[in-house]
1. If you go through segment 284-308, how many residues are surrounded by fewer than 20 Cβ atoms within 10 Å (Cβ to Cβ) and under 60 Å from the mean Cα position of the chain (by Cα)?
2. Name the single residue that is surrounded by the fewest Cβ atoms within 10 Å (Cβ to Cβ) among those in segment 315-337 being under 11 Å from L275 (Cβ atoms) and in contact (Cβ under 8 Å) with a residue 12 or more places away in the chain.
3. I'd like to check something: does segment 642-665 contain any residue that is modelled with pLDDT of 70 or more and in contact with a helix residue (DSSP H, G or I) (Cβ under 7 Å, 6 or more places away or on another chain)?
4. Considering each of E311, E350, E276 in turn, give the residue that is assigned to a helix (DSSP H, G or I), acidic (D, E), over 19 Å from L136 (Cβ atoms) and under 60 Å from the mean Cα position of the chain (by Cα).
5. If you go through segment 604-618 one residue at a time, how many are in a strand (DSSP E or B), of a type in the set (D, E, K, R) and at pLDDT below 90?
6. So in segment 593-618, with the set limited to residues that are of a type in the set (V, I, T) and buried (at least 18 other Cβ atoms within 10 Å of the Cβ), which one is nearest to the chain's Cα centre (by Cα)?
7. Sort through E271, E294, E289 and tell me the only one that's in contact with a Phe, Trp or Tyr (Cβ under 6 Å, 6 or more places away or on another chain), part of a helix (DSSP H, G or I) and not aliphatic (A, V, I, L, M).
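The values are calculated or read from the model by the stated rules, or taken from the named source; none is laboratory data. Remember, predicted model here, so these are calculated numbers, not experimental data. So basically every Cβ, Gly included, is an ideal-geometry build from the backbone, and we count neighbours across all protein chains shown.
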Amino acid sequence: MYRIVALILLFGIYGTGPVTAQDTTERATQDSAQQQPESKAPAPQSDAERIARLERTIEENEKLLNDLKTKFEDSQGEFPQAKAEFNKLDEELQAKRNELEQLNSDGKAEQAAALQAEIEALEPPWKLAKERFDLLIEQRKTEQEQIATLDERIQQDRAALERLLMPTSQPLDAADQPPTTAPVQPAAQADVAPEAGEAPSVAPLAVPPGTAQVQPVTPPSDEVEEAPPSEEARRAQQEAQAAETEARIAEAEVVSVAQRIDQLRKQIEQEKTSLETARKIADNARQTERALNEQAQKRMSEGAPRDELRELWVKTAGARQNYHEARDEVAEHVARLEDLQAQLAQLQDEQIAALRDAEQKQAEAKDKRKLADWTKSPFYPPNLLKWLIERGPRVIGIILGIVVLLWLSRAVEGRIVRLLTGQTEHGSATERADRAQTLASVFRSAVAVVVVVGGLLMLLSEFGVPMAPLLGASAVVGVAVGFGAQNVVRDYFAGFMILLENQYGINDVVKVGNIGGLVERVTLRVTVLRGLDGTVHFIPNGQIATVSNMTLGWSRALFDIGVAYKEDVDQVMDVLVGLGKELRADPQFSNLILDDPEMLGVDSFGDWAVVIKFFIKTRPLQQWTVKRAMLRRIKKKFDELGIEIPFPYRTIYHRYEQGQLPPGTQIAAGPRVDTR
């Protein structure tokens, strides 16, 4: 009796040949390929079609979401059964292994061998149960991800449905506003390669050539503007605002479609993972069924008891049922994947249409905004006469104000500078005048820049140019120039400190490094020196580390006079002091010398002269004039008194053997030679 039942079951299982999950998916693929229509150019969908499709998609996804949640929470489902089955086999196997270890320790070899055979027979079903449980765990994790993805996708589809049902004149909510940080790019196309048993993937759709990226429309300025000058301008302004609202709605739609495409691709990847897991579960069920069938056949040939055979046949039938359910689940995943691919194709078509629509509406909004701005421009023919009447006098007044302020700055700059420089008694009248001239040139330049720049900004404002963007751009440019031209900024700061501290001014003689000369001009950025040979040196103020001013306040004519060693130095010093007093008493030089000469005395013993040092205090820039006159008087006085001003000479001593040179032969070596 049992043999007949076994043959019937075997024929039912194997009579039609092995049917695998691969066969099922291949047949599903062939059927879908036969039903797949030829691809044509996507036709634009109406709002009614899009609303109906969204409602169907939301309904299907909600049903799928409820099924997944029900399956996930089912305490009698496949996952709890697989868990219980694996735990039972694992406990049984672990108990037998512990018993085998005890038998081996007790030395019961025969019983241990029999138990080892039972363990080896139990290990294959334990491995299959373990593999099935692992696959169901992986499937459960994927289902959790699918639940989250479906929930988010349902919310996005509902938001898209609300936007389709919302009047275009209704303002957008904050959540519907498109991002303005970057242009909206078409989402990357899904790279879903067709596999055996899967629905053929839809070819990625590229944005057609010539479809521009959607740039966010700049919202109207929040600045308070004057009322439009005419009814035509008001109408153009209203049309521009309406067009900009429509453009923002179109941009929000582009963003929404891109987000929905990304969510759909994520769902496709999850569905592919579920399909692969379902295949493995079907293969595992198939292997379990075969293993149980082989075990039943073996035990039946060995004459096993009826109860044991009945239990094996029941397990075999259960494994077969699991296989059929897994095969049906594979087919469901294939069909669902086909549907998702079709939805992806529709969304890609919708994305292309949304991009084109957004581009068109953006262009319309820009054109209408330009027209609205032009109707408000003072140069718009209907507004020109009104603008000339209302703002013409102000423009003329601003220009006249610039001219008057520049004239006033030149008129009062002398008084302001004299007021500033007259508060100090430092330096002579000439020095104060030079400083006044220096400050006047800087004051003139600064006032001219302020007046001209301020006047131009006021004129631009009168011509309708918005000041806020211009000032913002100027600030950005100023920061960029500040970083890129740090040396120039340093020059201006150094020039300001030079003028503030009165280090030098025009007509001062200074030395900067190895360059010396007369200061001809001082600005906030550069100092201009003219050397003695007429060369003009332009020195940036930021490069001036140390400056030597030889004419600040007063100067000194320094003298180093060398006389012969035979002269009486006290007499020479008295002569030099007397000459200095005579020079100061001379009416020609009395205004140039500030004090009697100050004798410092013998300064050094040179190779051929005794050096006497003294100086005469003079007015700035006059030390060279005084020095030249004093040196002329010293030469004449020394010649008159017979005081020798030595010049370099040396004495050479020669040694030679007798007979080498005639006696009395002299060798000239310098101005004076003593031969011994």
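1. So the count comes out to 1.
2. A335
3. Checked against the condition, which is being modelled with pLDDT of 70 or more and in contact with a helix residue (DSSP H, G or I) (Cβ under 7 Å, 6 or more places away or on another chain), segment 642-665 yields at least one hit.
4. Answer to the check: E350.
5. The total comes to 1.
6. Filtering first and then ranking leaves T618.
7. E289
Condition check ((1) touching a helix residue (DSSP H, G or I) at 6+ places or on another chain (Cβ under 9 Å); (2) among the charged types (D, E, K, R); (3) within 22 Å of D639 (Cβ to Cβ)) across all residues:
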| residue | (1), (2), (3) |
| --- | --- |
| L558 | yes, no, no |
| D568 | no, yes, yes |
| Q571 | yes, no, yes |
| D574 | no, yes, yes |
| G580 | yes, no, yes |
| N591 | no, no, no |
| D595 | yes, yes, no |
| G601 | yes, no, no |
| S604 | no, no, no |
